[in-house]
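Enquirer: Once you've had a glance at the structure underneath, I'll fire off some questions.
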Amino acid sequence: MNQPNRNLRLNGVGKATGGSYDNVFIDGMGTINGDVTCGDMSCNGTIKVHGQIKAQSLTINGTGSLNGALECDTLRADGMLSVAGEIRLDSLTMNGIAKTEASLNGETVEINGSLKTKGDLQCESLDVRGNLQVGGLLNAGTIFIELFGGCRAREIGGERIIVRRRPEGKSLLQLFSIVPATKLTVDVVEGDDIELENTKAKIVRGSRVRIGPGCEIDRVEYTETYDADLKSDISYAVKM
């Protein structure tokens, strides 16, 4: 007979081995050595996992560090999260700073803060209000980015793409000029409906394209409508 699962609970400073658990609770500083499979995992404090995590839901209030892959249905993190492997999930809500050394794949991704991935970022819906660094391709059905500091991606593709500058006066960091130049730098932007502000791109290609203020675009290709703000620098625009 299979041995029944059990809960893992760490209070204060503690360590545990990986394994299969019903639920995992960490309140304090917890270290898990090995892969973890569980239902719900909740951390209030600091968690370090020397392995990978496969969970139904993961909630982190504090700091999380994982040197393997992460797979879960829902992930909410308030603080800092670092994942060495690939991230696969349905829903991500991040309030703080998140980074992965690989790719991130999901359904809905919401970032209030900073997200850095060295690989691709693919999802159905992306909402970023802050800083975004994508080493590879950013691909989503709908993309909304409210810029805060320098953002970068190699290529961006989607059905509806909106990039806007964060309104002035929203952050103390902006008031004291601590944040770097608020601009998205990308090689190619391709989609159906595209609205850009403060974007530097080589090629923008879409059906309906609107270029707002603060943009530097080498070439715009559109099939239906095109509009450009006088405060942007567009080298060449052509209807295909």
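The values are calculated or read from the model by the stated rules, or taken from the named source; none is laboratory data. Model, not experiment: these values are computed from the prediction. Virtual Cβ from ideal backbone geometry, glycine too; neighbours counted across all protein chains shown. Surface accessibility is based on the protein's heavy atoms, side chains included, excluding ligands, DNA and RNA. Shrake-Rupley method; radii C 1.70, N 1.55, O 1.52, S 1.80 Å.
Enquirer: Could you grab the pairs with beta carbons closer than 9 Å, sequence gap of 6+ or different chains, first residue in region 18-37 and over 16 Å from residue 59 (Cα atoms) and part of a strand (DSSP E or B), second one open to solvent by less than 20 Å² (accessible area, probe 1.4 Å) and among the aromatic types (Phe, Trp, Tyr)?
Expert: Filtered contacts from region 18-37: no entries.
Enquirer: Then there is this: Name the residues in region 198-232 that are closer than 18 Å to residue 157 by Cα and in contact with a Pro (Cβ under 9 Å, 6 or more places away or on another chain), would you?
Expert: Hit for region 198-232 is 198, nothing else.
Enquirer: Considering only residues of region 1-17 that are among the polar types (S, T, N, Q) and not in a strand (DSSP E or B), which is surrounded by the most Cβ atoms within 10 Å (Cβ to Cβ)?
Expert: Taking region 1-17 first, the residues among the polar types (S, T, N, Q) are 2-3, 5, 7, 11, 17.
If we keep only those that are not in a strand (DSSP E or B) too, we end up with 2-3, 5, 7.
Working: 2: 5, 3: 6, 5: 14, 7: 12.
If we take residues in region 1-17 being among the polar types (S, T, N, Q) and not in a strand (DSSP E or B), then 5 is surrounded by the most Cβ atoms within 10 Å (Cβ to Cβ).
Enquirer: Scan 83, 134 and give me the residue that is farther than 22 Å from residue 23 by Cα and crowded, with 18+ Cβ neighbours inside 10 Å.
Expert: Numbers: 83 fails: farther than 22 Å from residue 23 by Cα.
After applying the criteria, what remains is 134.
Enquirer: I'd like to check which strands (runs of 3 or more DSSP E) are fully inside region 53-130 and have at least 2 residues that are more than 10 Å from the chain's Cα centre (by Cα).
Expert: Working: elements: 53-66, 70-83, 87-100, 108-117.
Passing ranges, in order: 53-66, 70-83, 87-100.
Enquirer: Same structure again: Provide a single number: the residues in region 47-80 that are open to solvent by 40 Å² or more (accessible area, probe 1.4 Å) and of a type in the set (Val, Ile, Thr). Spell out how you get there, then give the answer.
Expert: Within region 47-80, the subset open to solvent by 40 Å² or more (accessible area, probe 1.4 Å) is 48, 50, 52, 54, 56, 59, 61, 63, 65, 67, 71, 73-74, 76, 78, 80.
With the extra rule that they be of a type in the set (Val, Ile, Thr), the set shrinks to 59, 63, 74.
Final tally of qualifying residues: 3.
Enquirer: Also, quick follow-up: Quickly run through region 137-160 and pick out the residues that are assigned to a loop (DSSP other than H, G, I, E, B) and open to solvent by 10 Å² or more (accessible area, probe 1.4 Å).
Expert: Residues of region 137-160 assigned to a loop (DSSP other than H, G, I, E, B): 148-149.
Of everything in region 137-160, just one residue is assigned to a loop (DSSP other than H, G, I, E, B) and open to solvent by 10 Å² or more (accessible area, probe 1.4 Å), namely 148.
Enquirer: Check residue 25 against each of (1) in contact with a strand residue (DSSP E or B) (Cβ under 8 Å, 6 or more places away or on another chain); (2) over 27 Å from residue 135 (Cβ atoms); (3) surrounded by fewer than 15 Cβ atoms within 10 Å (Cβ to Cβ) and name the one condition it does not meet.
Expert: Going through the list (1) in contact with a strand residue (DSSP E or B) (Cβ under 8 Å, 6 or more places away or on another chain); (2) over 27 Å from residue 135 (Cβ atoms); (3) surrounded by fewer than 15 Cβ atoms within 10 Å (Cβ to Cβ), residue 25 breaks only (3).
Enquirer: Right, here's the next one. Among the residues of region 28-38, what is the count of those that are open to solvent by less than 20 Å² (accessible area, probe 1.4 Å), within 15 Å of residue 70 (Cα to Cα) and out of contact with any His (no Cβ under 9 Å at 6 or more places or on another chain)?
Expert: 2
Enquirer: On to the next question. Go through region 222-238 residue by residue and tally those that are over 25 Å from residue 149 (Cβ atoms) and in contact with a Gly (Cβ under 8 Å, 6 or more places away or on another chain).
Expert: Start the filter on region 222-238 by keeping residues that are over 25 Å from residue 149 (Cβ atoms), which leaves 222-227, 230, 235-238.
Subset that is in contact with a Gly (Cβ under 8 Å, 6 or more places away or on another chain): 222-223.
Of the residues in region 222-238, 2 are over 25 Å from residue 149 (Cβ atoms) and in contact with a Gly (Cβ under 8 Å, 6 or more places away or on another chain).
Enquirer: All but one of (1) buried (at least 23 other Cβ atoms within 10 Å of the Cβ); (2) over 24 Å from residue 131 (Cβ atoms) hold for residue 98; which doesn't?
Expert: (2)
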